[in-house]
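Worksheet: one structure, shown below.
The values are calculated or read from the model by the stated rules, or taken from the named source; none is laboratory data. All of these numbers come straight from a predicted model, not from anything done at the bench. Cβ placement follows ideal geometry from the backbone for every residue including glycine, while neighbour counts extend to all protein chains displayed. Note: accessible area is taken over every heavy atom of the protein model, side chains too, but ligands, DNA and RNA are not part of it. Shrake-Rupley method; radii C 1.70, N 1.55, O 1.52, S 1.80 Å.
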Amino acid sequence: MDVAVLGATGDIGRAICSELIERRVLRPTSRLQLVARQGGPSERAAHGLRVDLIDAHDEHAPFIDVAASPRDVVADVVVVAAGRTIPTEPGQVIDRDGLAMANLGVFEEYADALAAHGSGHEVVIVVSNPVELAVSVFASRLGRHRVIGMGAWLDTLRFRRELAAALGIRRQRVSGFVAGQHGDGVVPLWSSVRIRGLDVDERRDTVDRLRGARTLDTFGDEVTAGKAALAAAGGIDEAFALIDTWHPDLQTVVRPYLTHQSGAKTAFGTAAATVGLVDTVLDGRDIVVAGQVALDGEISLEGAPWQGVLGVPVVLGPDGWTHVLLDDPAPDEERRLAAVARHVNQAIQGWTS
């Protein structure tokens, strides 16, 4: 089984390539394709990265090659990590419109090339931002069930980790999903939280204690206020300590924001979530994850079938995603999800028109 990583020489692309090999997701008989821009510095770096990866993992490395043209991309799983990234300078505003305009052409070029020259069965896992825009572009060319954005899965893993940390347990004991838009538009699905070892009443009491007397109707305001509080903190250590005093769902959004702006970025967490999805597809299993997908009436919001790209829990397998598993969200979850869905659709329409 073969994997191609678009944008392999970027911070996240490098981390994904290394983890694919280190975790032995790719066997020595498989192929890892490092995809770069022809004639640019990334093509030169890709050849160097190839040698570096072999040096590090020669005993179990797959066959590694370099592709410098979009039409040469051929793999069972294509990871999209190409394009501009979110700025890391402290206090710099995240301009999603600018990011979308910078990356739209990149998404379209690779999507068109895969549609014309690909195998016709590859599964695309989108890492690049805005993830919802990339999913929309690739889904329109390749078919929506073969394309999934990993943003909601990364947010889900972060949510589970924050819940587990608050309870003093390991993340493996916590289940629960995050839906919506990757970034400030996340929708923590508190109603989906399950904790291994607790019965229904114990779980309900625990969730109520962790969540407090809050609903998602004010969650967007909490995120905005949280970011303002971080900007006013005396230093990076004080800012991280302040986050530790907040509720787990707010921590899920704001902690990675501060991590990214600290200059450390979030490459390793992103790579781990992405490689987990790649492993699922290659292994032939069907598991429930969360991801940004192009919906066509699989869910209803506020009484009407919904169409558009949105993060939701789905079943992911070797041929892509199949069923959506959004089981009766709580009223405040549905209200926020509907508002976020409208915002995402309007943003994509504006970016692509």
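At a glance:
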item: Portion, in percent, of the accessible area of the range 205-353 that falls on carbon or sulfur, probe 1.4 Å; result: 52
item: Distance (nanometres) between label positions extended 7 Å along Cα→Cβ at D95 and A231; result: 1.6
item: Where labels lie 7 Å past Cα in the beta-carbon direction, separation of E302 and Q346 in nm; result: 1.1
item: Overall Cα dimensions of the range 103-248, principal axis frame, Å, largest first; result: 53, 42, 27
item: Cα centroid of the range 1-79 to Cα centroid of the range 244-275, whole Å; result: 25
item: Contour minus Cα-Cα distance for R194 and D208 (0.36 nm per residue); result: 3.8 nm
item: Loop sites in the range 184-253: GluC sites (Glu not before Pro), DSSP, at most 16 other Cβ within 10 Å; result: none
item: Rg/Rh ratio calculated on Cα atoms of the range 195-353 (Kirkwood radius); result: 0.99
item: Two-decimal Rg/Rh across the range 261-333, once Rg and the Kirkwood Rh are taken from alpha-carbon atoms; result: 1.06
item: Top positive-direction residue, dipole computed over the range 1-148 with Cβ charges, set H60, V106, A75; result: A75
item: Residues with amide H under 5 Å from that of I64, placed H, sequence gap 5 or more; result: L32
item: Charged-residue dipole, Cβ positions (Lys, Arg, Asp, Glu), the chain about Cα centre, Debye nearest 20; result: 300
item: Gyration tensor (Cα) of the range 1-116, equivalent ellipsoid semi-axes in angstrom; result: 25, 17, 12
item: Kirkwood hydrodynamic radius over Cα pairs of the range 180-260, then Stokes diffusion coefficient at 10 °C and 1.306 mPa s, in µm²/s; result: 115
item: Calculated SAXS-style log₁₀ I(q)/I(0) at q = 0.13 Å⁻¹ - the chain, Debye, Cα scatterers; result: -1.02
item: Positive-end extreme of charge dipole, the range 91-236 - chosen from A134, T224, L189 (charges on Cβ); result: L189
item: Packing rank of 239-246, 118-125, 142-149, where each peptide gets the mean count of other beta carbons within 10 Å, highest leading; result: 142-149, 118-125, 239-246
item: Karplus 3J(HN,Hα) series, Hz, for the range 121-131 with 6.51 cos²θ - 1.76 cosθ + 1.60 (x for Gly, Pro); result: 9, 5, 9, 9, 10, 8, 10, 4, 10, x, 4
item: Label point distance in nm, S175-L325, each placed 7 Å from Cα along Cα→Cβ; result: 0.6
item: Residue order for W321, W306 - accessible surface, 1.4 angstrom probe, largest first; result: W306, W321
item: For the chain, built as a Gaussian network whose Cα springs stay under 10 Å, the top-fluctuating residue of Q251, Q261, Q33; result: Q261
item: Where a label projected 7 Å from the Cα of D286 along Cα→Cβ would reach, residues of the range 101-131 with amide N under 20 Å; result: 121-124
